[in-house]
Structure formats: structure tokens, C-alpha cells
Amino acid sequence: VLTRWLSHWTTAGGWGPEVESSSIAWALATVLKNSDVTDSCIDLLTLEELHATWAARFDSFNGVFDKRGTVWQALTVIARAGRARPVMRGNVFTFVRDERQTLPVAMYNMRNIVKGSFQFTYVLSDDDAPDSVELEYFYGTTWSTQYVLVPIPGSTTTDSPQRASMIG
């Protein structure tokens, strides 16, 4: 059985001592630090905010990398456990979580649309469209592969699932 020890960062105190952890945020930071990326090239404020969100939701990453890959691939796999993805902003690594956000709003009407330029297409689901997701994951307590079947919102059946798997 493996135990992961990670340092964590806080605005108030910088890097703290290594502690036993399954934190997504500090696993991401550790991957970057072990790849000789300096602190100035890691968006630590965003990682601290994401860590608070993930800790409140009890989100964690407990994966083991047993194959060679790139740093970007590792960041993508780890961030996916928290519904996030890595993003490069200039030379800074940052992360964006898929969550409800406020978006700018604009109103379009016949006065500000060029005549003849507006069109739309209806896309309706067909019989081949998935009505649920069957997720495969590794359960650390029993060290076995587990499956969970979740219907998509608005669906009452799980007859045609889309299969997916996650590391960790």
C-alpha cells in the first residue's frame, strides 16, 4: 500500500512541510515542481482556491503512474479528478475547473443582426444517443475495479450507456 506525502502552499506561509495527502491541487504542484518548474511559473493562488473547493467536496486523487508519459498528460489526468484541466497562460501553468460561472450577456434582435445572416439548426437526440454514463474506476479500499452507472439528467432509463474510465 502506497502513501503519498506532499507539501502544500498557503498565501500566508508559503510551502509547508510534507504531510500525508491525496490533494489534487498539491499533486499538480508536485508534478510541476519535480519537473523543475519554478514557483513563479505556477499559478499557486488558483491552486489554493481550487484546493479549498476540492477539499469541501471531498474530491481527491489517488492514482499511480506506472507508464511513461509527459508532464502535460500527468497534469491532465490529475486535474480531471477535480473536473479541471491545465491551461498555459504565457509561461504560467494554471488550472480551470468546469463549474457554474457568470458569463457576459448580450441581447440580439432584428436591429443588431445583419439581415439574412441568422440561422439555426435543431439537433434532436436519436435512438443511438447515450442515456447514461457507465464509469469505470479503481477503488482504493478493496483494490479492485468498480463501475457506477449514472443516468444523464432528464433520462429515466439506462439502456444505452456511454462507457468511460478514470485513473485514480
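The values are calculated or read from the model by the stated rules, or taken from the named source; none is laboratory data. Just so it is clear, the structure is predicted and the values come from calculations on it, not from any experiment. Here the Cβ is made from the backbone with ideal geometry for all residues, glycine too, and neighbour counts use every protein chain on show. Accessible surface areas use protein heavy atoms only, side chains included; no ligands, DNA or RNA. Shrake-Rupley method; radii C 1.70, N 1.55, O 1.52, S 1.80 Å.
Which log10 I(q)/I(0) values, to two decimals, does the chain give at q = 0.12, 0.17, 0.20 Å⁻¹ under the Debye formula with one point per Cα?
Summing over Cα pairs of the chain leads to -0.74, -1.11, -1.33.
List every residue whose amide H lies under 5 Å from the amide H of Val133, counting only residues 5 or more places away in sequence or on a different chain, with H placed 1.01 Å from N in the peptide plane.
Val150, Ile152, Gln162
If you find the alpha carbon centre of region 108-168 and of region 3-20, how far apart are they in angstrom?
First find each Cα centre; the distance between them is then 37 Å.
Through the Karplus equation 6.51 cos²θ - 1.76 cosθ + 1.60, θ set to phi - 60°, convert the phi angles of region 40-49 into ³J(HN,Hα) values in whole Hz; use x for Gly and Pro.
5, 9, 10, 6, 5, 5, 5, 4, 5, 5
In the chain, what percent of the accessible surface is made up of carbon and sulfur (1.4 Å probe, ligands and nucleic acids excluded)? Intermediate results must be reported in sequence, preceding the final value.
Numbers: 6910 of 12630 Å².
Here carbon and sulfur together make up 55 percent of the probe-accessible area.
Among Gly16, Gly63, Gly116, which one moves the most in a GNM of the chain with springs linking Cα atoms closer than 10 Å?
The residue that fluctuates most here is Gly116.
Nearest 5 percent is fine: what portion of the DSSP beta bridges confined to the chain is antiparallel? Each step should come with its number before you reach the end.
Details: 18 of 24 bridges.
Among the beta bridges of the chain, antiparallel pairing accounts for roughly 75 percent.
If you place +1 on the Cβ of every Lys and Arg, -1 on the Cβ of every Asp and Glu, and leave all else neutral, what size is the dipole of region 20-80 about its Cα centre, to the nearest 20 Debye?
Working: 5 positive and 8 negative charges, 62 e Å.
Approximately 300 debye in magnitude.
Could you work out the relative contact order of the chain, using alpha carbon pairs under 8 angstrom and six or more residues apart, expressed as a whole percent? The partial results should precede the final answer.
Working: 215 pairs, mean separation 27.0, N = 168.
Reported as a whole number, the value is 16 percent.
Placing +1 on the Cβ of each Lys and Arg and -1 on the Cβ of each Asp and Glu in region 1-77, which of Leu6, Val77, Ser22 has its Cα farthest towards the positive end of the resulting dipole?
Val77
Treating only the Cβ of Lys, Arg, Asp and Glu as charged (+1, +1, -1, -1), what charge dipole size does region 47-168 show about its Cα centre? Round to the nearest 20 debye. Walk me through the numbers on the way to the answer.
Details: 12 positive and 13 negative charges, 141 e Å.
With Lys and Arg at +1 and Asp and Glu at -1, about 680 debye.
Under the Karplus relation 6.51 cos²θ - 1.76 cosθ + 1.60, θ = phi - 60°, what is the ordered set of whole-Hz ³J(HN,Hα) values for region 56-67, x standing for Gly and Pro?
5, 8, 6, 7, 8, 10, 10, x, 10, 8, 10, 10
Which ³J(HN,Hα) values, rounded to whole Hz and listed in residue order, are derived for region 12-22 from phi using the Karplus coefficients 6.51, -1.76 and 1.60 in 6.51 cos²θ - 1.76 cosθ + 1.60 with θ = phi - 60°, glycine and proline given as x?
After applying 6.51 cos²θ - 1.76 cosθ + 1.60, I find 6, x, x, 7, x, x, 6, 9, 5, 7, 10 Hz.
Would you grab the residues whose amide H sits under 5 Å from the one on Ser7? Only those 5+ places off in sequence or on another chain, please, with H modelled 1.01 Å from N.
When sequence neighbours closer than 5 places are left aside, the close amide H contacts are Val19.
Could you pull out the chymotrypsin sites (Phe, Trp or Tyr not before Pro) across region 97-164 that fall in loop regions by DSSP (anything but H, G, I, E, B) with no more than 10 other Cβ atoms inside 10 Å? Provide the component values of the computation, followed by the final result.
On the way: sites: Tyr108, Phe118, Phe120, Tyr122, Tyr137, Phe138, Tyr139, Trp143, Tyr147; in loops: Tyr108, Phe118, Phe120, Tyr122, Trp143.
Of the chymotrypsin sites (Phe, Trp or Tyr not before Pro), the ones in loops of region 97-164 whose Cβ has at most 10 other Cβ atoms within 10 Å are Tyr108, Phe118, Phe120, Tyr122, Trp143.
About its Cα centre, what dipole magnitude does region 58-104 give when the only charges are +1 on Lys and Arg Cβ and -1 on Asp and Glu Cβ, stated in debye to the nearest 20?
Values: 8 positive and 4 negative charges, 25 e Å.
Result for region 58-104 is approximately 120 debye, rounded to the nearest 20.
Excluding the sites themselves, what is the longest stretch of the chain that contains no trypsin sites (Lys or Arg not before Pro) in a DSSP loop with at most 13 other C-beta atoms within 10 Å? Could you put the intermediate results ahead of the total?
Details: sites that count: Lys67, Arg68, Arg100, Arg111, Lys115.
Between exposed loop sites, the widest span is 1-66.
Across the chain, where is the longest run that never hits GluC sites (Glu not before Pro) in a DSSP loop with at most 14 other C-beta atoms within 10 Å? Could the numbers behind the result be given before it?
Numbers: sites that count: Glu18, Glu99.
Answer from the scan: 19-98.
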